[in-house]
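I have a structure I would like to understand better, so I am pasting it below and will then ask my questions one at a time.
Where a number appears in this text, it was derived from the coordinates with a stated rule and is not lab data. Just so you know, these numbers come straight off a predicted model, no measurement behind them. All Cβ positions, even for glycine, are placed from backbone atoms using ideal geometry, and neighbour counts span all protein chains on display.
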Amino acid sequence: MFDRLPPLQTLRAFEAAGRLSSMTRAADELHVTHGAISRHIKTLEDNLGVILFRRLTRRIVLTDEGAELLLTVTGVLGELTREAERLRAQKSVSRLTISTSVSFASRWLAPRLHRLKARHPEFDVHLDVTDVNVDLTDGQVDAAIRYGSGHYPRAVAERILEETVTPVCSPAYRAEMGGLPTVASVAACTLLHEDRMLANWERWFALADGDTVRSGRGPAYSHGSMAIEAAIRGEGIVLGRSALVADDIAAGRLVAPFPDIRLKAERGYDLVYRNGNRDHPKVRALRDWLADEVREFLANF
């Protein structure tokens, strides 16, 4: 019955190229080469005996036959996707998988997850900790909390928390450095750095006293949580990201010598999920809980 159907991969390639009007963008979306997309479409055209695209100098345009086929293929693939999601949901309805970064997980999210579990005992909460932006379209992760600019292709992002940085150190280190009474006294400290953070020491000094201090020396760490741990051990002073140091300040492990001098970070935290999943019960439960946690956090910070 189905022996005359074109190969499925040719239909996926055709749908992506037709929707995006670009073989290059289709290749990026499907994680294959431009040549693979071109071959799939040629195979489909040979299979059907019609030309589906007019190849222009810098773009492709659907023919009339291609436009008609695109409507059908889009509908069929959409139905298959929805049915696959329904079947996955039957098996994993109780599992809520959240992906987030190492630093945010360890210093903000994980210590609060027990309250999400208490509010929603119907979900088994799983935390997927990685600094790689996971694929949200494969159904393995329900939502992600990402630290970035807020722009993620093929996903919806809702900003949940902005961030600032301010110097923090251990109480013992502050005493060792004479109490750090002035901004100038910070320049004599061992400055700890988080790699690739634009809200850095030079910018903080410029904000604090208008001077640009050459402040590139000192240990640097790939993760903000590692730099914070070094500060807790008394190894220096770090520009602590507000979400990552708040609990340590509250517990007395860190102090902020200049709490009113805060530099806005270039990035923030976003709740990110698949297109069309805004009202999914898992996403809605996570969003509402995060809103309450962030509200309490900001009120007490």
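For the stretch 164-264, with only Lys/Arg (+1) and Asp/Glu (-1) charged at the beta-carbon, what is the dipole magnitude about the Cα centre, in debye rounded to 20?
Details: 10 positive and 11 negative charges, 25 e Å.
Roughly 120 debye for the stretch 164-264.
Which value, in debye to the nearest 20, describes the size of the charge dipole of the stretch 79-192 about its Cα centre when Lys and Arg Cβ atoms bear +1, Asp and Glu Cβ atoms bear -1, and nothing else is charged? Spell out each step's value before the answer.
Values: 14 positive and 14 negative charges, 67 e Å.
Result for the stretch 79-192 is approximately 320 debye, rounded to the nearest 20.
Separate question: Over the chain, what relative contact order in percent results from Cα pairs under 8 Å that are six or more residues apart? Intermediate results must be reported in sequence, preceding the final value.
Details: 431 pairs, mean separation 58.6, N = 301.
Here the relative contact order equals 19 percent.
Taking the Cα centre of the stretch 164-264 as the origin and placing charges on Cβ (Lys, Arg +1; Asp, Glu -1), which of S185, C169, S222 is farthest toward the positive end of the dipole?
With unit charges placed on the Cβ atoms, the residue in question is S222.
Please list, by residue number, everything in the stretch 106-132 whose backbone N is under 15 Å from a paramagnetic label point 7 Å out along Cα→Cβ of A251.
The answer is 106-114, whose backbone nitrogens lie closer than 15 Å to the label point.
Please determine, in degrees from 0 to 90 and to the nearest 10, the orientation of helix 242-251 with respect to the longest principal axis defined by the Cα atoms of the chain, where the helix direction is its Cα long axis.
40 degrees
Same structure again: Given N residues in the stretch 92-250, what is its alpha carbon radius of gyration divided by 2.2 N^0.38 Å?
Numbers: Rg = 18.4 Å, N = 159, 2.2 N^0.38 = 15.1 Å.
Against the empirical 2.2 N^0.38 Å value, I get 1.22 for the stretch 92-250.
Identify which of L116, L69, L286 has the largest mean-square fluctuation in a Gaussian network model of the chain, with springs joining Cα atoms closer than 10 Å.
Of L116, L69, L286, the most mobile in the Gaussian network model is L69.
Now, a different point. Is the shape of the stretch 164-264 best called rounded, prolate or oblate, per the rule: a/c under 1.5 gives rounded, else a/b larger than b/c gives prolate, else oblate, with a ≥ b ≥ c the square roots of the Cα gyration tensor eigenvalues?
Working: a/c = 1.32, a/b = 1.12, b/c = 1.18.
Rounded shape, in that the Cα axes give a/c under 1.5.
Here is a further query. Name the shape class, rounded, prolate or oblate, that the alpha-carbon gyration tensor gives for the stretch 1-50, where a ≥ b ≥ c are the square roots of its eigenvalues, rounded holds for a/c under 1.5, and otherwise prolate holds if a/b is larger than b/c and oblate otherwise.
Working: a/c = 2.15, a/b = 1.94, b/c = 1.11.
It comes out prolate by the Cα gyration axes.
Testing the spin-label approximation: label points 7 Å from Cα along Cα→Cβ at L5 and T63. State their distance in nm.
With each label point 7 Å from Cα toward Cβ, the separation is 2.4 nm.
Only Lys, Arg, Asp and Glu count, each charged at its Cβ (+1, +1, -1, -1), so figure out the dipole size of the chain about its Cα centre, rounded to 20 debye. Working shown, then result.
Numbers: 40 positive and 40 negative charges, 48 e Å.
Using only the charged Cβ atoms, the result is roughly 220 debye.
Please report, in whole Å³, the volume per residue of the convex hull around the C-alpha atoms of the chain.
Per-residue hull volume (Cα only) is 167 Å³.
Quick one: which residues, 5 or more positions from F53 or on another chain, have an amide H under 5 Å from its amide H? H modelled 1.01 Å from N in the peptide plane, none for Pro or chain starts.
T63
Right, here's the next one. Restricting to DSSP loop positions (anything but H, G, I, E, B) with no more than 11 other Cβ atoms inside 10 Å of their own Cβ, which trypsin sites (Lys or Arg not before Pro) remain in the stretch 113-201?
Of the trypsin sites (Lys or Arg not before Pro), the ones in loops of the stretch 113-201 whose Cβ has at most 11 other Cβ atoms within 10 Å are R154, R196.
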